[in-house]
Amino acid sequence: MRKSPKDITDSARVVSRRVVMLGAIQAAVIGTLGWRLRSMQLEHADEYRLLSDGNSIKIPLLPPVRGLIHDRNGVVIGGNEQNYRATITRELAGNVSDVIAKLRHLVPLTDEETADILEDVKKRKASTAVSIGDHLTWSEFSSIAVNAPALPGVRPESVLSRVYPRHGDFAHVLGYVGRVSDYDLSKMEDPDPVLMLPGFQFGKVGMENKLEDILRGKAGNRRIEVNAAGREMRELSRQEGQQGATVQTTLDAGLQNYAVQRLGDESAAAVVIDVTNGDIMAIASNPVFDPNLFVRGISGPDYRALMEHDHRPLADKTVQGVYPPGSTFKMVTLLAGLESGLVNEGTSFFCNGALEVAGRKFHCWSRGGHGHISAVESLMKSCDVYYYELARTIGIDRVAAMARRLGIGVEHDLPMSAVATGIAPDRAWKEERYGKPWVVGDSLNASIGQGFVLASPLQLAVMTARVATGREVKPRLVRAIDGIPEPVPEFAELGLDPRNLRTAQRGMDAVMNATGGTAAKSRIVTEEWRMAGKTGTSQVRNITAAERARGVTRNEQLPWDRRDHALFVCFAPFDAPKYAVSVVVEHGGGGSAVAAPVARDILLYALSGGVPPLSAYPDSQRGAIEEMHRNMRLIAPVANNSGGRTRA
């Protein structure tokens, strides 16, 4: 059926309207897209360029420079040195085994080291760099840099690593750093991300550990552009980290070195305290070890040699070691007695060589006895029976209270590892510890520093400083942080009767300077440095009645580990005390023969500020002393020696 002209006209009008509408819609869409494209290209170009760059920009952390540790005179005792190393990142390396195989042509890696690297790479995130070579030579480092295109994921780096310029001298007090282990991380609730960096060094023991938070510093970062393969193209910006604090200790490098050398090959410890402010001038434990071995990763044989050594070089005997103080404890018992008011300076007891209590004999070191003996004489001659009688008179609780008052049985607050508390036993302590009542025999043993009594060399030095001054001297190791001095403490009075204190001091003076004093051979003849001291010998084995009857076996006839410990404490100058010293020689034998000469020499070095002058020694000893000093391996303290830059 043919459409009429009118129908044809109407249809054309409808089609034209639809075409116009469709065109308008298309124009609107195109216009909107164009406007949006213009907006993206012109108005928001920087925003989208930043988003695009973000896919090719990484911001790795930069390890901070570890803070330096100085002695009191500015000598670097814990510093930093240049360390060339290399790392590998799994997500950038592809086949890690192939890359390591290529690397072994440039760097000598053992099969064991290679296996450890591959295991470490597997444990870490793919984006985490893992150390594959530390303390590389310049030749090895440059070879890796030149061959970098053939070693995807490998990055050569020049960083700073910890170094201890004085080697073993400060090993026990400073401790050492080492790589952060999974065990270290497991002990932290929210570990600092910088600890995850490859090869990052963390304080393991000693001051390095206790002052970790201030020595570590704050991490920096780099903003780098990488290509599609993850290879670094360029560094866009860098923000250096904040170096850790510079710590100035109270220690004297020269005195510390002398103390270590003077202790020689003995298993021993020595502590020197400035009694006026508590500064620890030296704190030496022998034998020493080189902490640099641990920084670089100690070998199995080296570690076994340290662990199996019978003198225990890894143990810090100055604060961790506790020993029966022997007769060095007698000042404690004497002051407890004098302060009780039950005895006085003139009170005497009779010594016939032993005291029998409850059917048991408690012997004096002098088999023939000392006869009637007074307070000052009791220290001078170190009469055991005098102290048995004194303890029986006043009771153990007074002795224990005085011990704690003088610093024994107290944990001193120092930034060192495992500082021991020691034991100042009393009735309550034994009941709690052993569930048994205290007996009089316990008091007699404790009165001469045997039985349950235990003290560290540090505590013995503190005790001596307090006896010398009558003040509550507290030891300290940190003198300043970033050049800001730590407050110098004001020590409270101990509240002891000055007359009683002077009696104890006079007894110590007589030990050194009176005819018949147990350490008269080790006296200082220079009057301005007059020394007061006390010998001590502590048993490590029981002596049977049968052995006493036939004669006690001499120390030199016994195996080393069955011999008595030798102890000595002292202070000087007598009328104006400046330094207090304690020395413990494990299984050294007699305190007067072994420990006293060592302590005297160390004290003289502190007083004279260098190798002691021969004029301070008795004439008969000067030749031997001169020869001893000639054979010592002394290191001259030099301020600001190598060890890295400071933050200040």
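The values are calculated or read from the model by the stated rules, or taken from the named source; none is laboratory data. Treat the numbers as computed from the prediction; the structure is a model and nothing was measured. FYI the Cβ positions are ideal-geometry reconstructions off the backbone, even for glycines, and counts take in every protein chain you see.
Of the residues making up segment 589-648, those that are at pLDDT below 90 and basic (K, R) number 3. Q242 meets all of the listed conditions (1) out of contact with any Asp or Glu (no Cβ under 6 Å at 6 or more places or on another chain); (2) outside the structural domain of D213 (by TED's automatic domain parsing) but one, namely (2). Of everything in segment 172-230 that is part of a strand (DSSP E or B) and among the small types (G, A, S), the residue that is surrounded by the fewest Cβ atoms within 10 Å (Cβ to Cβ) is G220. Identify, please: which residue in segment 70-120 is charged (D, E, K, R) and either on the phi > 0 side of the Ramachandran plot or not in a helix (DSSP H, G or I) (or both) and is, among those, surrounded by the most Cβ atoms within 10 Å (Cβ to Cβ)? For segment 70-120, the residue satisfying everything is D71.
Tell me, please, whether a residue that is in contact with a Lys or Arg (Cβ under 7 Å, 6 or more places away or on another chain), under 18 Å from A510 (Cα atoms), polar (S, T, N, Q) and assigned to a helix (DSSP H, G or I) can be found in segment 340-350. No, that holds for no residue.
Filtering segment 435-464 to residues that are touching a Lys or Arg at 6+ places or on another chain (Cβ under 8 Å) and among the hydrophobic types (A, V, I, L, M, F, W, C) leaves W438, V440, L444, I448, F452, V462. I'm told C383 meets every condition in (1) among the hydrophobic types (A, V, I, L, M, F, W, C); (2) in contact (Cβ under 8 Å) with a residue 60 or more places away in the chain; (3) crowded, with 18+ Cβ neighbours inside 10 Å except one. Can you identify the failing condition by its number? The single condition C383 does not satisfy is (2). Looking at segment 431-444, can you tell me whether even one residue there is in the same structural domain as T503 (by TED's automatic domain parsing), under 21 Å from V583 (Cα atoms) and out of contact with any strand residue (DSSP E or B) (no Cβ under 7 Å at 6 or more places or on another chain)? No, segment 431-444 has no match at all. If we scan segment 435-449, do we find a residue that is outside any strand (DSSP E or B), within 29 Å of the chain's Cα centre (by Cα) and in contact (Cβ under 8 Å) with a residue 60 or more places away in the chain? Yes.
Taken over segment 371-413, residues that are in a loop (DSSP other than H, G, I, E, B) and more than 18 Å from T464 (Cα to Cα) amount to 3.
Could you tell me whether I273 is among the aliphatic types (A, V, I, L, M), surrounded by fewer than 24 Cβ atoms within 10 Å (Cβ to Cβ) and touching a residue at least 60 places away in the same chain (Cβ under 8 Å)? So I273 fails the test. Remark: pairs (first residue in segment 356-368, in the same structural domain as D564 (by TED's automatic domain parsing); second residue among the small types (G, A, S) and surrounded by 15 or more Cβ atoms within 10 Å (Cβ to Cβ); Cβ separation under 6 Å; 6+ apart in sequence or on different chains) = K361/A354; H363/A354; C364/G353; R367/G353; G368/G353.
Here R304 fits the description: over 26 Å from K521 (Cα atoms) and not assigned by TED's automatic domain parsing to the domain that holds E586.
Of the candidates V288, V260, the single residue that is assigned to a helix (DSSP H, G or I) and either closer than 14 Å to H167 by Cα or at pLDDT below 95 (or both) is V260. Looking at S139, S181, just one residue is assigned by TED's automatic domain parsing to the domain that holds G67, closer than 30 Å to A284 by Cβ, free of Cβ contacts under 8 Å to residues at least 24 places away in the same chain and among the polar types (S, T, N, Q), and that residue is S181.
Checking each residue in segment 311-328 for being closer than 27 Å to L251 by Cβ and either among the polar types (S, T, N, Q) or in a helix (DSSP H, G or I) (or both) picks out T318, Q320, T328.
Of the listed requirements (1) farther than 19 Å from L454 by Cβ; (2) outside the structural domain of R471 (by TED's automatic domain parsing), Y388 misses just one: (2). A269 meets all of the listed conditions (1) over 17 Å from the mean Cα position of the chain (by Cα); (2) assigned by TED's automatic domain parsing to the domain that holds Y388 but one, namely (1). Given the structure, is E356 in a strand (DSSP E or B) and either of a type outside the set (F, W, Y) or under 42 Å from the mean Cα position of the chain (by Cα) (or both)? Yes, satisfied. Residues that are modelled with pLDDT of 95 or more and part of a loop (DSSP other than H, G, I, E, B) are absent from segment 295-310. Taking the listed residues A461, A520, A480, the one that is within 18 Å of P577 (Cα to Cα) and of a type in the set (G, A, S) is A461, with no other qualifying.
Here is a yes/no grid of residues against (1) crowded, with 18+ Cβ neighbours inside 10 Å; (2) under 30 Å from R398 (Cβ atoms); (3) modelled with pLDDT of 95 or more:
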site: V488; (1), (2), (3): no, no, no
site: D497; (1), (2), (3): no, yes, yes
site: N500; (1), (2), (3): yes, yes, yes
site: G517; (1), (2), (3): yes, yes, yes
site: K521; (1), (2), (3): no, no, yes
site: G533; (1), (2), (3): yes, yes, yes
